[in-house]
Each structure stands twice: as structure tokens, then as C-alpha cells.
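Below is one structure, written out as C-alpha cells, with a few remarks after it.
The values are calculated or read from the model by the stated rules, or taken from the named source; none is laboratory data. As the structure is a prediction and not an experimental result, all values here were calculated from the model. Note that we place each Cβ from the backbone using ideal geometry, even for glycine, and neighbour counts take in every protein chain shown.
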2 protein chains.
Amino acid sequence: MEYSATMEIRLKKIWEWMAAEGVSLVMLEDCESRRDSNIRWLTGHPSDALLFISLNNQEKAGQAVTGKNAPGQAVLVAWDLNLAKLYTRAPVFLAAYNDFDRQPKKAIAAVAQKFGIPPGSKIEIPSVTPYPVFLDYVGELTDYDILCRENGAGAEIGKYRAVKDKEEIEILRKAVSITNELIDLLEKNIRAEKIKTEADAALLIEVESRKRGCEGASFGTLAAGPQRSFAIHAFPGWTCAPFGSQGLSILDFGVKYEGYCTDVTLTFTRGLNPRQEKLVSLVEKASKLAISMAHNGTPAKNIAAAADAFFARSKKQMPHGLGHGIGLQEHEYPVIRNSAGNEWVLEPGMVFTIEPGLYDPILGGCRLEHDILMTETGAEVLTASRIIRL
Amino acid sequence: MEYSATMEIRLKKIWEWMAAEGVSLVMLEDCESRRDSNIRWLTGHPSDALLFISLNNQEKAGQAVTGKNAPGQAVLVAWDLNLAKLYTRAPVFLAAYNDFDRQPKKAIAAVAQKFGIPPGSKIEIPSVTPYPVFLDYVGELTDYDILCRENGAGAEIGKYRAVKDKEEIEILRKAVSITNELIDLLEKNIRAEKIKTEADAALLIEVESRKRGCEGASFGTLAAGPQRSFAIHAFPGWTCAPFGSQGLSILDFGVKYEGYCTDVTLTFTRGLNPRQEKLVSLVEKASKLAISMAHNGTPAKNIAAAADAFFARSKKQMPHGLGHGIGLQEHEYPVIRNSAGNEWVLEPGMVFTIEPGLYDPILGGCRLEHDILMTETGAEVLTASRIIRL
């Protein structure tokens, strides 16, 4: 794929941060048990790889491939080298994971040697590295100071990613526009009774998203008809059960376009009793309330707390957080949750969901989820999510 | 759901192991960033929960719910209590994750207090716990000895699960029978040109698996037509591109039935050139060779090494392992790989894949993947996987 100047800018941020932190080498890891979309954000390569980011300020370095002023270099160690050659858009060396017996610690040692990283230097590994694996690295890589910390490179990249750049916002706008087309199509087909089951709804999303150039759904679609909508996340995600029939049906889905995820939830209602009407009305009001509070400079926690307090006044409790950032992952920063220690404050460039919901084993469930973009002038509701009364 | 005696037997194994190891409390965690199907194996509850398993040999214990001779008790702390009530089949207490502010360390402290676990006792947390999280637990739970180790409770359960019990083999046979029906249906529809694209193939699997009572596909179907089959795992998994057209098309899929996964790969060929024919022929021969070596008592590594050596004689290299166990996860024990430290030996009750493959950026890729059950009398090939010449 074509070279991306944006990705080089992203890498430069990390190199600057590393210089300030005195970290010589950073390893990121995307593998089956520990996914990390930071590698895609930095290189374009979609999955199953290690990414090493190294500073130039070591003896014997100077083999940068990013131009004469490059502050560092990077190596992508990919499980599938053919795929890496096709997708990598950043100025990185490529290597095969097999060359290191698929062992990160062997790759760390080899890269550290290649880039001439002096003994005693700080090498940072992902904060999600399991404790026993960390001990193994420390035991093997005795020449280096191995860092594994919450507020390290991964968290730093997470903070950059919480505020989308221009390229990302463009991609997300495209993803949202496809999502909104699908919402209209779903409503139309359900009203026309062309969609009668959970499977009909889920499959429409699978096919129509890909027809519009998406990689697919951003997560397993949750289509829960009246018998199953009591669950926050229906299990299984969808079945051949009726959808849009009498009661409350929840449809939670998103598309992935050039890696970027949308995430919306619609509730379809038919022939509700007064208690069900009340549930739906509370969710709609909570959604409006929360969105009206989304201003630049507002702590995200305050918004989530207001939604919780709103429900509490009707003796209801929402069993999940109010929302979450979206981007290359369907759940990322900022945190939109009423929890201790949530210090996220809304600012331009943030993209996140607002998704109040209530669930009852008898009445069923209702959730309404929008995707919001913070702009210089305030919150822009990107999505056409709605309660659809059949 | 109905109570399961099998699940109580499984819990009893853990209690016995805990008594022998002197571990007072074990916590398992299934969450978005760290999935653990051991909780489903032990309780039936499918996802998003903590499971605490405690021994009775502490002061003030004696609140067992598993009968008068029960060696311990267990608590399932579920994100979605409604779902937990529906799915839990084992003798466990239920609690809501929200009651502990969604913080495992708060849940650990509360459960330890409820069961009267004496100070100084060993409490085991998952081996995949990130190092910084481990430090946090140790800092907060100062009254206890917090264990986080590779060869702890999780690995022990993994070993039990590598050898399927009667109930599991019955479920897997049903899952395989549906998989084989789908293989026939796929061949028929591709020959009849009703399936012309990757999407057609993937969607058939989505729908027809659920029609037959499956929870869905066991993983995102990989349908890669001739333009994309060079990748080990095509990215994206499937698109609207042609499938079964001139060249090599790979279809890697599985179904999930009552939680249990199958995993097969077919290669469809059309109008191959001699180099492509050679590739296919090598993969077919490697598959036969590996299956013929699968005997009770044979080290799995030897089989994988033989396949690697077979390819090496033709100057080819397989860029992935030969196979893996299947069960509640699509990848689990035993390890069927030619790697240092792989000490798995085949024995009756093991169920695993054999999936040799070769990939070339020009010719395309070919993989043939079977699911194998070891019985008392040797290997039984469960699946009807094949190279399908169009």
C-alpha cells in the first residue's frame, strides 16, 4: 500500500516521547491472546505482529530508514510476511516472526543487538504482559532494564489515539455514513417484513457493509428479539429467533471501514405495555440528557454520573457504563463511565458512544447508542440511531 | 438450565488439586481483554465473569452448597446476572460484578472475607494477569499470598480439558456432523455456481450453522479466493471477491455447538498450472503422512517435525504450526507443533486439528485441515475435509 506521511508523524511522536522518557526500545505485541491495534495505527499492518521502535541515540545506530533527520527506526516482525508487505505503510523494516522461533524474547534480543542498544538501557514491553512472562523476559534479557508499566508507551499511544487526527475523522465519517445507510435499510426491511428474524438482521449487516467496502462488522452483531433482549449482550449474538415482533428488540452493531469502527444500538418496539413504554421513554430521555451535557472541557465522568442519577430517580439502574471511545478498536479511550479515577475530559477530536440502556428479565431490554464527535464548536451526533416504533 | 453432574465432577477435580497444592482460593477471570473459557467449562456461563473457587478447609467455612461432603464452594460474579441465572449449571453462588465496582481486587477481598479465608493463605489469580495489575493486587491484598504462575490452576484446568470427557465428545461429534453437512453443501453450491464469491461462502456458513442449532461460526470465517489465498489468514476474513474461480481458493471455518468448536480448511482448485498442482499435492501428502503418524503415545512434536521435514525435502516451508487442540476454544491444548518444549503426547480423548499448508504470493495458498479424535484404538478422522477440484 502507499506510504503514509500521517503514520510517520505518529511514529515521530513516539520517538519524541521515548527520548524524553529515556526509553531505548519499545516493543508492541499483537497476538491471539493479546490484541493491540496500536500496531495497525502506527504501520497499517492489521494483525499478528511485533513492532519494535528504537531510538537513534545509541552507539552504532544510524541505520535509520526514515530520512536523514529521523530520530529512530522501527522493525515490524510479522507472522505473515506476505500480508505485511501488502499492508505496511510506515517507514519500518520487515522481518518474519518465524526467524525468532515465534518467541518475543528472542526477537527483543536480536533487535537490541541489531540497533546496538547499550547494556543497561531501558526496554519497554506491553503493560498487558502477564506476570510470569515478564519474569521470563527479565531472566533472559539480563543486560537491559525491562519496563512493564501502566503509564508506559501503550498508554501514551492510547492518549494520542483518544483524539483523532484529520485522516482518522475522515475515515470515521465514511464509516458512519455507511452505518446510517444500514440503519435506514434495516428499518425499511423490518417495516416491510423482509427482516423477520435476528439472523435476517445480522446477515443484512454482514453483506451490505462489505458491499459498501467495509472489512465487515466491527464486532459480532447483537440482534436480540423480545425473548432475549433482557441481556446486556445477548448470548449467542444472534439466532434464528423472531426479531421486531411484539415487545422490545435490541440491535447493537457497527461496521469496520479501513480499520475504524462504528458502534450503534437501535431498539425496535411493537405493541408495548405501559411498563415497557416507561422503560423506553427513560432510555430516550437519558440519551438526550447525556448528549446535551457533552461539551469540550466537561469531565466524561460527570455525564455518566448524570445518566446514572437520572435513572436512579425512577428506581432504575443501568448495569453498564454510559459509553466508550471508538476508533481502530470498538472500545478505546476516552472512558465515558461513572467510575472512580476516570479523569477523561472531553476535547475536540474525541469520538465516543453514548449508550444508556435498561434491562428487565420480564419486560425485555432497551438501549439507544449514538456515536458522538467532539468538534471545536461542541458535540456532533454522527449517527442516526433511534427507537423505531413498529 | 438443568444442573450438570459433569460440571460438579470438574469442580471437584479443582478442589482436590487445591487441597494438594495448599491453595485456599482460586480466581478465574473472563473479560473483554482476557477471555477464559474455563469458566464456561466449569459452570456453563458463557462469558464476562469472575469465578472464585474456595476450599472448605478454612475456619468459618461450612457454607457449602454442593452437598454435605462437598470439599468447597464457588461463586460466579457475573457482569450480567440475568444471563448467569439462565446459563449456570454448576453448584455455585451468584453475585453481580457491579456489587464490587467491577474491580476484581474488591471481589477477591469480599469473597475471601465471606468464606473466612485466614490471613497468610494462598490466593491464586490467572497466569495471564498483567504485571502491573499483579502488583496492584499484591499491594491491596496484603493479608494473603497472591500466586500468579504459569503452572497454576489455569494450566491444570487446561490439562484436564486437553482430554475430553464423554459429554464433550458427544457434543463435538454433533458439531462435526454439522460441519460435514456444511462441507457437502458448500461443495454442491460452488459446483452449481450458486456460490461465486467469498461472501456467498461465508454467509452460507453463518446461516446454515445457526439453522442447525449452532451458536454460530467458531471464529470469523476465512474465505480467500485466488487473489487472496497467499495469506495464511486472509485479511479481511472475507470480501465480495470471487471464490472458486481459476486458481486456489481457501475456506477455513468452523461451527460452535453448545460452546464446542470445530475447525476445518478446504481448498477449492480450478485450472491449476503445474506449480500449483505440485503445491496442492504436497499439502495432501503432508496431511496423509501426519494423520498416519497419530497414535496414542506418540509425541505431538514428532508428527509436526515429520511434516516440516517432508516439506523441506521439496524446499518448501510451512509458516505455521501443524495443528492445535479444539474444544470450548478454537485453539487449546494439546499443542501440535514442532517447537522447543512441546512435550504433549497423544492419548485417548484428545481432539485436535492437523492442517498442513503452503502459501506463495504468486501461486496462491493451499491448506487442508482435519479434526482428529484419539480413541482407545487410535486416530479417528472426524471431518470430511478435502481438496475440491472444480
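On inspection, A:G216 qualifies as within 10 Å of chain B (Cβ to nearest Cβ), in contact with a Pro (Cβ under 8 Å, 6 or more places away or on another chain) and under 28 Å from A:E167 (Cβ atoms). Among the residues making up region B:310-343, those that are away from chain A (no Cβ under 13 Å), in a loop (DSSP other than H, G, I, E, B) and under 18 Å from the mean Cα position of the chain (by Cα) are B:L322, B:I326, B:G327, B:L328. Annotation for region A:1-10: at least one member residue is surrounded by 15 or more Cβ atoms within 10 Å (Cβ to Cβ) and farther than 21 Å from A:K256 by Cβ. Take B:V207 and tell me if it is surrounded by fewer than 20 Cβ atoms within 10 Å (Cβ to Cβ), in the same structural domain as B:R270 (by TED's automatic domain parsing) and either among the β-branched types (V, I, T) or touching a helix residue (DSSP H, G or I) at 6+ places or on another chain (Cβ under 9 Å) (or both). Judged against the criteria, B:V207 is a match.
Evaluated against (1) away from chain A (no Cβ under 12 Å); (2) of a type outside the set (V, I, T); (3) crowded, with 20+ Cβ neighbours inside 10 Å; (4) more than 30 Å from B:M374 (Cα to Cα), B:R161 falls short on exactly one condition, (4).
For every residue, the table says whether it meets (1) within 22 Å of A:Q329 (Cβ to Cβ); (2) touching a residue at least 24 places away in the same chain (Cβ under 8 Å); (3) hydrophobic (A, V, I, L, M, F, W, C).
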position: A:S245; (1), (2), (3): no, yes, no
position: A:S249; (1), (2), (3): no, yes, no
position: A:F253; (1), (2), (3): yes, yes, yes
position: A:C261; (1), (2), (3): yes, yes, yes
position: A:V264; (1), (2), (3): yes, yes, yes
position: A:T267; (1), (2), (3): no, yes, no
position: A:G271; (1), (2), (3): no, yes, no
position: A:A286; (1), (2), (3): no, yes, yes
position: A:K316; (1), (2), (3): no, yes, no
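Yes or no, residue by residue, for (1) more than 16 Å from A:I354 (Cα to Cα); (2) more than 14 Å from chain B (Cβ to nearest Cβ); (3) at pLDDT 95 or above:
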{"residue": "A:S229", "(1), (2), (3)": "yes, no, yes"}
{"residue": "A:I232", "(1), (2), (3)": "no, no, no"}
{"residue": "A:F243", "(1), (2), (3)": "yes, no, yes"}
{"residue": "A:L251", "(1), (2), (3)": "no, yes, yes"}
{"residue": "A:G254", "(1), (2), (3)": "no, yes, yes"}
{"residue": "A:E258", "(1), (2), (3)": "yes, no, yes"}
{"residue": "A:C261", "(1), (2), (3)": "no, no, yes"}
{"residue": "A:L272", "(1), (2), (3)": "yes, yes, yes"}
{"residue": "A:K278", "(1), (2), (3)": "yes, yes, yes"}
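Pairs meeting the criteria (first residue in region B:179-190 and over 18 Å from B:S218 (Cα atoms), second residue modelled with pLDDT of 95 or more and buried (at least 19 other Cβ atoms within 10 Å of the Cβ), beta carbons under 6 Å, at least 6 apart or on different chains) are B:N189/B:I195; B:I190/B:G244.
Just wondering, is there one or more residues in region A:319-326 that are within 20 Å of B:F100 (Cα to Cα), modelled with pLDDT of 95 or more and not small (G, A, S)? For region A:319-326, residues within 20 Å of B:F100 (Cα to Cα), modelled with pLDDT of 95 or more and not small (G, A, S): present.
Among the residues making up region A:283-299, those that are part of a helix (DSSP H, G or I) and buried (at least 20 other Cβ atoms within 10 Å of the Cβ) are A:V283, A:A286, A:S287, A:A290.
Yes or no: region A:339-354 includes at least one residue that is acidic (D, E) and touching a Ser or Thr at 6+ places or on another chain (Cβ under 7 Å). So far as region A:339-354 goes, no, none of its residues is acidic (D, E) and touching a Ser or Thr at 6+ places or on another chain (Cβ under 7 Å).
Listed by position, the helices (runs of 4 or more DSSP H) contained in region B:126-226 that have at least 1 residues being farther than 14 Å from B:V264 by Cβ and under 16 Å from the mean Cα position of the chain (by Cα) are B:153-162, B:166-191.
Of B:G220, B:G152, all but one fail to be in the same structural domain as B:S24 (by TED's automatic domain parsing) and of a type in the set (G, A, S); the exception is B:G152. Among the residues of this structure, A:Y333 counts as one that is closer than 30 Å to A:N38 by Cβ, aromatic (F, W, Y) and either buried (at least 19 other Cβ atoms within 10 Å of the Cβ) or in contact with a Leu (Cβ under 6 Å, 6 or more places away or on another chain) (or both).
A:K166: surrounded by fewer than 18 Cβ atoms within 10 Å (Cβ to Cβ), out of contact with any Lys or Arg (no Cβ under 7 Å at 6 or more places or on another chain), of a type in the set (K, R) and away from chain B (no Cβ under 14 Å), yes or no? So A:K166 passes the test.
A quick yes/no check of all residues on (1) crowded, with 22+ Cβ neighbours inside 10 Å; (2) closer than 24 Å to A:L248 by Cβ:
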| residue | (1), (2) |
| --- | --- |
| A:G341 | no, no |
| A:W344 | no, no |
| A:P356 | yes, yes |
| A:A384 | no, yes |
